[in-house]
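Structure first, commentary second.
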Amino acid sequence: MAACTELTDDRAQEFFDSFDTVLFDCDGVIWTAKSAIPGAQETLKKLRDLGKHVIFITNNSTKSRIQYAKRFTDFGLGKVSVNDIFCTAYAAAHYLKETLKFEGKVYLIGESGLEEELKLHNISYTGPGPDPVVGTQQDWLQIPLDPEVKAVVVSHDIHISFVKIFKAASYLSNPSFPFIATEMDGRNHYPGTNIVKPGTGCIINAVKTAALRDPILVGKPNKYLFECIQQRHKGVVADRTLIVGDSLGTDILLGRNCGMKTLFVLSGISTLEEVRHNQASNSVEDQKRVPDFYLPSIKELGDLISKIKL
Ligand SMILES: [Mg+2]
């Protein structure tokens with residue numbers, strides 16, 4: 001049975017000696033929607049001073065690597081190279097270009113981050129922006145499909161509409177057209193309110209239902225983002241890598257799937273109660289969602305570095 005204990009002073013030296021690379025999830029770990037999580041800047045600096053290679057790996061598909069790099073500086077977290085940022089907008093474009101050697105145009109349900117990454121990978125696309133229903137059902141049957149489109153990418157899109165699902169599913173009726181999607185996050189719930197923001201998974205499921213096809217998912221817990229990291233940084237190996245995340249079903253599961261060390265922080269989406277539930281479960285899948293260690297937040301990780309021998 002998997003164990004998960006709080007990372008304490010007496011385990012710190014052994015823990016920090018056990019990895020060379022740290023993969024940080026971003027939302028709920030490094031920052032919230034509005035600002036950096038307290039202690040993030042100090043902890044990142046201490047890890048780099050220890051000689052650790054710090055890399056960021058996020059399922060959030062709304063931004064490109066360049067947009068994320070700007071966010072690090074905007075939030076006072078210093079300069080981060082785009083070479084150390086791995087997001088699902090990048091992964092989707094990279095998968096098309098490098099794995100599928102894709103030639104042609106993409107029908108994109110997505111936002112500016114994906115547009116930017118497709119452009120950087122020299123892939124043409126159509127689709128972003130509002131696409132409302134016009135006319136009657138007879139008119140919809142005349143909706144022109146672009147003959148140059150040869151693939152469909154589905155991601156977060158605040159302009160998702162009936163017409164977009166209609167078009168995506170129609171393109172996907174050609175079984176040779178790849179169907180790429182970013183991540184299946186279901187929702188964000190705002191604690192203390194009854195507000196629920198639908199996640200990308202809701203959009204992907206709508207297209208999937210109409211198309212009668214399953215997408216290739218490039219986000220966590222799929223290993224593809226980690227494979228992108230290993231392609232870019234040749235020295236990164238799973239058993240000398242730590243992943244720090246707030247989601248048991250994406251960050252921790254990816255870490256366990258790849259054989260990394262896993263650290264769960266309580267500053268985001270999953271809870272310690274869920275860890276305890278998974279620990280007590282007989283299901284192999286639940287057991288894979290049990291991290292090695294937990295801490296309240298990234299701040300306490302930095303505090304522990306101050307207590308080890310350098
Ligand atoms: Mg997160």
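The values are calculated or read from the model by the stated rules, or taken from the named source; none is laboratory data. Nothing here was measured: the structure is a model prediction, and the numbers come from that model. Here the Cβ is made from the backbone with ideal geometry for all residues, glycine too, and neighbour counts use every protein chain on show.
Points to keep in mind about this one:
- Hey, Thr209 away from the ligand (no atom under 13 Å from the Cβ) and without any contact (Cβ under 8 Å) to a residue 12 or more places away in the chain or not: yes
- Residue in the stretch 238-249 that is surrounded by the fewest Cβ atoms within 10 Å (Cβ to Cβ), counting only those that are farther than 22 Å from Ile37 by Cα and touching a residue at least 24 places away in the same chain (Cβ under 8 Å): Arg240
- Test: residue in the stretch 268-279 that is surrounded by fewer than 19 Cβ atoms within 10 Å (Cβ to Cβ), part of a loop (DSSP other than H, G, I, E, B) and modelled with pLDDT of 95 or more: no
- Extreme residue, nearest to the ligand (Cβ to nearest atom), among residues of the stretch 280-307 that are surrounded by fewer than 16 Cβ atoms within 10 Å (Cβ to Cβ) and not charged (D, E, K, R): Pro296
- Scanning the stretch 24-65 for residues that are more than 12 Å from the ligand (Cβ to nearest atom) and either crowded, with 24+ Cβ neighbours inside 10 Å or part of a strand (DSSP E or B) (or both) yields Ala36, Ala40, Thr43, Leu44, His53, Val54, Ile55, Ser61, Lys63, Ser64.
- Listed by first and then second residue, the pairs linking a residue in the stretch 266-280 that is farther than 12 Å from Ser247 by Cβ to a residue that is of a type in the set (D, E, K, R), with Cβ atoms under 7 Å apart and 6 or more places separating them unless they lie on different chains, are Asn278/Asp286; Asn278/Arg289.
- Filtering the stretch 227-251 to residues that are within 16 Å of the ligand (Cβ to nearest atom) and among the hydrophobic types (A, V, I, L, M, F, W, C) leaves Leu242, Ile243, Val244, Leu248.
- Being in contact with a Gly (Cβ under 6 Å, 6 or more places away or on another chain) and in contact (Cβ under 8 Å) with a residue 12 or more places away in the chain is a description that does not apply to Leu96.
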